[in-house]
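Take a look at the structure set out below.
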């Protein structure tokens, strides 16, 4: 596995890219059961740039895959959360791109754990 991470299954039997991500899934699941968050989803694909054609060539879309998304009832915000041990250059670029798209939304927050 890349970056010394170990594929790990959480208590909900979801497969995760790392132990850290699996642990965070367990924590978020408990928060959802306690009613503090709702609409918990995993591996959510967010399109940053739609596919298009250029001079007859098909150019693929660019997608950011968030580890988790949910709505935090206390903060009253939609959360996009990533559990990263190692931040690649691609991750940093896509994160910046995502934040630029979401910059005017007051009901949104990006978290890294």
Exercise for review: Tell me, yes or no, whether the range 11-23 has at least one residue that is surrounded by 14 or more Cβ atoms within 10 Å (Cβ to Cβ) and modelled with pLDDT of 95 or more.
Suggested key: no
Revision key, fill the gap. Within the range 62-74, residues farther than 20 Å from residue 95 by Cβ and in contact with a strand residue (DSSP E or B) (Cβ under 8 Å, 6 or more places away or on another chain) come out as 71, 73
Practice item. Kindly indicate whether any position in the range 54-61 is closer than 27 Å to residue 15 by Cα, touching a strand residue (DSSP E or B) at 6+ places or on another chain (Cβ under 6 Å) and surrounded by 15 or more Cβ atoms within 10 Å (Cβ to Cβ). Key: no
Review point. Does the range 11-22 hold any residues that are closer than 22 Å to residue 87 by Cβ and either over 15 Å from the mean Cα position of the chain (by Cα) or part of a loop (DSSP other than H, G, I, E, B) (or both), and which are they?
Key: 17, 18, 19
Practice item. Identify the residue in the range 94-113 that is more than 13 Å from the chain's Cα centre (by Cα) and in contact (Cβ under 8 Å) with a residue 40 or more places away in the chain and, among all such residues, is farthest from residue 61 (Cα to Cα). Key: 101
**Study point:** Verdict on residue 91 being under 16 Å from the mean Cα position of the chain (by Cα) and assigned to a helix (DSSP H, G or I)
**Key:** yes
Check your understanding: Is it fair to say residue 37 is surrounded by 14 or more Cβ atoms within 10 Å (Cβ to Cβ), under 20 Å from residue 102 (Cα atoms) and either free of Cβ contacts under 8 Å to residues at least 40 places away in the same chain or touching a strand residue (DSSP E or B) at 6+ places or on another chain (Cβ under 8 Å) (or both)?
Key -> no
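The values are calculated or read from the model by the stated rules, or taken from the named source; none is laboratory data. Predicted, not measured: the structure shown is a model, and the values here were computed from it. As a convention, Cβ positions derive from the backbone with ideal geometry for all residues, glycine included, and neighbour counts pool all protein chains shown.
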